[in-house]
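We did not get these values from a lab; they are worked out from the coordinates using the rules stated. As the structure is a computational prediction, the values presented were derived from the model and not from experiment. Note: ideal-geometry Cβ built from the backbone for every residue, glycine included; neighbour counts use all protein chains shown.
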């Protein structure tokens, strides 16, 4: 059995065991992308998946801590004590795997709200719109995240539903309430376009990515903005519009 298949089975087991205890957990990160996107196995887009990342649609973190502890994952006690209302970290006792649990919302460079009703749309992962945004919100985006985005966008279109589709109204709603998120998504759309053009993909695949990014960019530009957004737009890049998350070392 391959490492990635084993990792996916572990993620499935954790989600199912959490559900048995009345806890809604959903997977995000690179493994969630791979589950939805066959193109993630393409020679130019494939990568390793060392860790598991989840979101929790509740602030009842005690059940998650008990669940993961029972499965052999040790908590980062200091980090969890200081940050447990928004994020928890656990480590595999006999290995290097890390489990990251975001509580009630995903927050790294920007905040993506996590609603229980939306999580019910997928049995294992975040809905595709939110999954896309968790990648597009990264300011210091690296190549593994670019590869994930290329795979996601190559395999899914933007539309009005959630069934293997990016719900465009969800994305524009969040971006047009938060100028900073809008700005970072716009920047990363250009980066994805540039990297996709440089990868060893078929011409038709590169065209698909470019056309879908055009749909996203046009929708963001045309969506109505509130007064707060417009006021922040006037300030522009003179004031930092993002957070830079701290790297947490195992300990």
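Brief remarks follow.
- Estimated from helices alone, the mean residue ellipticity of the chain at 222 nm is -15000 deg cm²/dmol (sum of -39500 (n - 2.57) over DSSP H runs with n ≥ 4, per residue).
- Label positions at residue 240 and residue 219, each projected 7 Å from the Cα along the C-beta direction, are separated by 3.1 nm.
- Solvent-free Debye scattering, log10 I(q)/I(0), computed from the Cα coordinates of the range 1-68 at q = 0.21 Å⁻¹: -0.88
- Residues 179, 229 arranged by fewest to most Cβ contacts within 10 Å: 229, 179
- Overall Cα dimensions of the range 112-165 - principal axes, largest extent first, Å: 31, 22, 19
- Separation in nanometres of the label points that stand 7 Å from Cα toward Cβ, at residue 143 and residue 177: 3.7 nm
- Cα centroid of the range 3-35 to Cα centroid of the range 107-167, whole Å: 16 Å
- Average projection, convex hull of the Cα set of the range 80-131: 4.8 square nanometres.
- Counting only Cα atoms, the size of the chain along its three principal axes is 49, 42, 32 Å, in decreasing order.
- Antiparallel beta bridges, as assigned by DSSP with both residues in the range 36-127, represent about 70 percent of the total such bridges.
- Here the Kirkwood formula, the inverse mean of 1/r across different C-alpha pairs, assigns the range 133-251 a hydrodynamic radius of 15.4 Å.
- Diffusion constant of the range 129-199 at 10 °C, which comes from Stokes-Einstein with the Kirkwood Cα-pair radius and 1.306 mPa s, µm²/s: 129 µm²/s
- DSSP beta bridge pairing in the chain, given as percent antiparallel to the nearest 5: 65 percent
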